[in-house]
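Enquirer: Before anything else, here's the structure in question.
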Amino acid sequence: MTDQAAGIIPFGSTVIHSEPVDCSKPINRTNIRGKTIVITGGASGFGKACFEDWASHGANIIIGDINDKAGTQVVAQMRASTNNSNHHFIHLDVTSWSSQASFFKRAASLSPHGGIDCVMANAGVAIAQENAVFEEPPDYSKMDHPPQPQMKTLDTNLNGLMYTTNLALSYLSRNPGSARCQVGQNTGTRDRHLILVSSIAGLASLPSQPIYATAKHGVVGLFRALRMTTPIKHGIRINMINPYFVDTPILGPMGAVVLAGGGMATVPDVVEATTRLVADQGIIGRALVIGSKTSQEHAKAMGLELETTDQAVWDVHADDFAQSDLFVRRIIGVTNLITQARGWGGIVSDVVRKVSGATWKTLGY
Ligand SMILES: NC(=O)c1ccc[n+]([C@@H]2O[C@H](COP(=O)([O-])OP(=O)(O)OC[C@H]3O[C@@H](n4cnc5c(N)ncnc54)[C@H](O)[C@@H]3O)[C@@H](O)[C@H]2O)c1
């Protein structure tokens, strides 16, 4: 079936999102040089690996993490190996708004050009035992004071990421010397780029981990809502990564055992996917899944087309996003038409009705 027959409107040049990412294209890492990049949870795993790669290509990296020892160590190592004193560690607890607000303020003040080009909202935890209350709910009826469930995974991976996003939008839109993002174009040395770290668990089911899955689905929801508006309103590009399981400390020993022998994604592939998004300023509003390397045979069996041999990174949900965004565009279009047709008279009568209704209510009628 053709795209048109399936009702899919192709991305055109006037649309703010770029076309699906071509993962076979070489990455131009020279574009990373001189950028100030902020990474939450940058002391370990993906954050640390991205730090190492981007710093070695000339970026100034500022990491925030709850783990002071690991964060301080990685910054010292990278300052020495790159001979660049513009890498910094700042203590950060993403679950605290005040911690995040002072982290961003300090990061911008430490940046050589006084601004932030890119934010990777990455900090996360996966506390498996928190899920027990959903998998095996206690008999609350027999308790006088049932304990409130612990949901640090949600606080960190969703609420924390939303604080990061809010602050990132504020700082990125005011990045000195930056220009608004433009589809397919490198808009200069400065950038306005937010990368959300979700997971395959934000797109697929993750049985037995409802809290983690909810948080990561929430990140996808945030991405889908913001990717419509932030490029248009603030010239900020938002992209997302959705890695499959990767052997990092977040998995813990049990996770690694459960996944032993299965196909997993790798840290270098996560770094490559994220670097592609950072280095190509023309990529706007896209999401990449990072899976295990896929052979021609396996890809064919799943109806996928390989762009490179042993491909591990895939642009995801392009059509789904196009469809739902189209739906949203139409709803907004219809609403605007109705508003236009009713004119100022309609708005005034709605306001009067609302205000007088509230007045009657206040008076007890
Ligand atoms: N490893 C995987 O299989 C996998 C797959 C998909 C998505 N992810 C996501 O990738 C992100 C990075 O995970 P990772 O695999 O690199 O794990 P990791 O444990 O190696 O790194 C996570 C980092 O976040 C930090 N952190 C935790 N809570 C924090 C807080 N409140 N404030 C600040 N920092 C905090 C940790 O100290 C750590 O340095 C997470 O959001 C995770 O959910 C991981």
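Enquirer: Just to be sure I understand the model, the point goes 7 Å from the Cα along the line to the Cβ. What's the resulting THR30 to ASP144 distance in nm?
Expert: Calculated label separation equals 7.4 nm.
Enquirer: As I understand it, the dipole of the range 29-316 uses +1 on the Cβ of Lys and Arg and -1 on the Cβ of Asp and Glu, about the Cα centre. Which of SER198, ILE232, LEU154 lies farthest toward its positive end?
Expert: Most positive-ward Cα: ILE232.
Enquirer: Quote to one decimal, in nm, the extra length available between SER109 and GLU135 on full extension: 0.36 nm per residue of separation minus the C-alpha distance between them.
Expert: Details: separation 26, 0.36 × 26 = 9.36 nm, distance 4.58 nm.
Separation in residues times 0.36 nm, less the Cα-Cα distance, equals 4.8 nm.
Enquirer: Right, here's the next one. From the square roots a ≥ b ≥ c of the eigenvalues of the alpha-carbon gyration tensor of the range 35-113, which class results: rounded (a/c under 1.5), prolate (a/b over b/c), or oblate?
Expert: Values: a/c = 1.92, a/b = 1.34, b/c = 1.43.
Oblate shape, in that a/c is at least 1.5 and b/c is the bigger or equal ratio.
Enquirer: Amide H neighbours of ARG174 under 5 Å, counting only residues 5+ apart in sequence or on other chains, H built in-plane at 1.01 Å?
Expert: Residues meeting the amide H criterion: none.
Enquirer: Per residue of the range 46-58, what does 6.51 cos²θ - 1.76 cosθ + 1.60 with θ = phi - 60° give for ³J(HN,Hα)? Whole Hz please, x for Gly and Pro, Karplus curve as stated.
Expert: 4, x, 5, 5, 5, 3, 4, 5, 5, 5, 6, 9, x
Enquirer: Could you list which residues have their amide H under 5 Å from that of LYS35, counting only those 5 or more apart in sequence or on another chain, with H placed in the peptide plane?
Expert: Close amide H contacts, sequence-distant or interchain: ASN60.
Enquirer: Report, by chain and number, residues whose modeled amide H sits under 5 Å from the one on GLN209, excluding near sequence neighbours (fewer than 5 apart, same chain).
Expert: So GLN209 has HN proximity to no qualifying residue.
Enquirer: Through the Karplus equation 6.51 cos²θ - 1.76 cosθ + 1.60, θ set to phi - 60°, convert the phi angles of the range 86-94 into ³J(HN,Hα) values in whole Hz; use x for Gly and Pro.
Expert: In residue order, the calculated couplings are 8, 8, 9, 10, 10, 4, 8, 10, 5 Hz.
Enquirer: Separate question: Can you work out the Karplus-derived ³J(HN,Hα) for every residue in the range 72-79? Use 6.51 cos²θ - 1.76 cosθ + 1.60 with θ = phi - 60°, whole Hz, and x for glycine or proline.
Expert: 5, 5, 5, 5, 4, 4, 6, 4
Enquirer: Within the range 229-252, whose backbone N sits under 18 Å from a point 7 Å along Cα→Cβ of LEU259?
Expert: Residues 241-252 fall inside that zone.
Enquirer: Quick one: length gained pulling SER173 to ASP310 fully straight, 0.36 nm per residue minus the C-alpha distance?
Expert: Additional length available on full extension: 45.5 nm.
Enquirer: Measuring from a point 7 Å past the Cα of LYS233 along Cα-to-C-beta, which residues in the range 133-175 have an amide N at less than 20 Å?
Expert: 159-175
Enquirer: Moving to a separate point now. Place +1 on the Cβ of every Lys and Arg and -1 on the Cβ of every Asp and Glu in the range 16-61, take the dipole about the Cα centre, and give the residue among GLY47, ILE61, CYS23 whose Cα lies farthest towards its positive end.
Expert: Checked the options; the winner is ILE61.
Enquirer: Next question. Given the pairs LYS25/LYS293; LYS69/LYS293; LYS48/LYS300; LYS35/LYS233; LYS48/LYS105, which are separated by over 25 angstrom at their Cα positions?
Expert: Working: LYS25/LYS293 17 Å; LYS69/LYS293 34 Å; LYS48/LYS300 34 Å; LYS35/LYS233 23 Å; LYS48/LYS105 21 Å.
Flagged as over cut-off: LYS69/LYS293; LYS48/LYS300.
Enquirer: Mind checking the full-extension length gain between ARG180 and ALA225? Use 0.36 nm per residue of separation minus the Cα-Cα distance, one decimal, nm.
Expert: Difference between extended and current length: 14.3 nm.
FYI, it's all coordinate maths here, none of it is from the lab. Small disclaimer: the values here were computed from a predicted structure and weren't measured. Methodologically, a virtual Cβ is constructed for each residue, glycine included, from the backbone with ideal geometry; neighbour enumeration extends over all protein chains shown.
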